[in-house]
Each structure stands twice: as structure tokens, then as C-alpha cells.
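Remarks on the structure that follows.
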Amino acid sequence: MPSDLHSDITDSSAAGGPIDAGGPSAAGGLIDAARRRRLRWRSRRGLLENDLMLTRFFDRYEHSLSDDDVAGLDQLLDAPDNELLDLILARTELQGEAATPAAVRVLAQLRQL
């Protein structure tokens with residue numbers, strides 16, 4: 001197990017919660033470094049186009065993501081690759097329960113890139 005991953009797990013469990021990355025706590029706003037790494041890893045996709053867009057998104061917004069942003073991004077990442085690409089390219093729009101304010105906001109940021 002890599003030492004930084006082990007220390008993240010150890011620090012998190014010892015403190016009884018997420019590690020503070022120098023900003024507001026995860027409960028209050030910005031996400032911690034370990035959670036950012038996990039989210040970036042989860043965003044790896046099968047379509048190169050999605051990978052490129054999501055990499056740009058993380059390069060620009062990773063350190064300013066709030067818990068709501070993470071929830072919206074998680075929701076978008078649940079979509080199959082082709083559906084996600086259609087959403088990013090504005091070929092389709094979020095519908096029904098998927099059209100949460102957080103998902104709509106993150107999708108708008110992805111479309112600006």
C-alpha cells in the first residue's frame with residue numbers, strides 16, 4: 001500500500017472524519033485531497049473525448065469543488081460514456097430526477113471548457 005494512501009486512511013480514521021486539505025472541512029465546503037484523488041480516478045472513462053473533457057474540468061476546478069459539486073459530478077459519472085458525451089456536447093439535456101441543481105451546475109462548467 002503506498003505510504004500516502006495509507007496515511008490518508010490512517011489520518012482519516014484517527015481523526016474520525018475526512019482530512020482537512022487546508023480549506024473548509026468537507027462538511028462545510030471544499031473536499032479533501034484523498035477524496036479529490038478518488039474522484040479523479042473514478043472519472044476515467046472509456047471514451048477519449050470524455051477523458052479529455054473531464055481532465056480539463058479537474059485541472060480547472062478540482063481544488064474548488066464543494067460537496068454539492070461532487071454530488072453533481074458523481075451523478076453525471078453514473079451515466080454511460082455515450083450518454084455523458086451527449087450531455088457534455090449539449091446533444092441532450094438532463095431529464096427528470098437527474099436534473100438536480102448540482103448536476104446542472106457541473107454540466108454547465110463542463111460545457112464551458
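Values in this text are rule-based calculations from the coordinates and carry no lab data. Since the model is a prediction, treat every value here as computed from it, not as a measurement. Positions of Cβ are backbone-derived with ideal geometry, glycine not excepted, and every protein chain shown enters the neighbour counts.
Before moving on, here are some points about what is shown:
- Cut-off under 5 Å, modelled amide H: who pairs with Leu113 long-range: none
- Distance (nanometres) between label positions extended 7 Å along Cα→Cβ at Phe58 and Arg42: 1.2
- Protection proxy ranking, highest mean first, for peptides 38-47, 99-108, 70-79: 70-79, 99-108, 38-47, where packing is the per-residue count of other beta-carbon atoms within 10 Å, averaged.
- For segment 50-110, the Kirkwood estimate of hydrodynamic radius, built from reciprocal distances between every pair of different alpha carbons, is 11.5 Å.
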